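Asks: This is the structure I have questions about; it appears just below.
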Amino acid sequence: MQVFTPLLLTAAVFLAVPALAEDAGKTAANTNMEILYQKVKADKKLLVSSNMDLTDAEAKSFWPVYDEYQKELDTINRNLGKTIKEYADAFNKGPIANDTAKKLMNEALVVQESELKVRRSYAEKVGKVLPASKTARYIQIETKIRAVVNSELAAQIPLVY
């Protein structure tokens, strides 16, 4: 993947920015975060484009489906970001109570389940406009990006105590 490495360096921002933007007021920092978020989205689209080798006809059908999928992922990312923020708030107060841990764990599992459900749904939709090999390639690209983001999150988020 030719442009995969530069994107990976900024991919973790992809999850954090939507949640932070909701909490922050309209400040210069918030504006800068939104600019960064838009750049990451554009870089991701460039990564996908450079690796898909789409014909003009395929591109015409694929990009609207891609944009719909990204909107669904934004919702999932916001939910995950909210759960991470709730966890950080609870973690910073000291040991996490069992009921809070259970609630946060269930919220995280719901996010993971919705992500898989949406990925399956969009694999089917992409499969209606692209050949199976290109559909599989696109799902691989999305999965690799998500794996990098999840790896970064795992490295940064401490275990529950």
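Values in this text are rule-based calculations from the coordinates and carry no lab data. All of these numbers come straight from a predicted model, not from anything done at the bench. Ideal geometry is used to build each Cβ from the backbone, glycine not excepted, and the neighbour counts take in all protein chains shown.
Asks: Taking the conditions exactly as written (surrounded by 13 or more Cβ atoms within 10 Å (Cβ to Cβ) and farther than 22 Å from THR143 by Cα), does GLU34 satisfy them or not? If you could, list the steps in order and put the result at the bottom.
Replies: Details: surrounded by 13 or more Cβ atoms within 10 Å (Cβ to Cβ): yes; farther than 22 Å from THR143 by Cα: yes.
Yes; evaluated as a whole, the condition is true for this residue.
Asks: When you go through LEU116, LEU109 one by one, which is the residue that is out of contact with any Gly (no Cβ under 8 Å at 6 or more places or on another chain), within 16 Å of ILE145 (Cβ to Cβ) and aliphatic (A, V, I, L, M)? Explain how you work it out, then say what you get.
Replies: On the way: LEU109 fails: within 16 Å of ILE145 (Cβ to Cβ).
The unique qualifying residue is LEU116.
Asks: For LYS103, work out the one condition from (1) within 21 Å of the chain's Cα centre (by Cα); (2) more than 30 Å from GLU58 (Cα to Cα) it doesn't fulfil.
Replies: (1)
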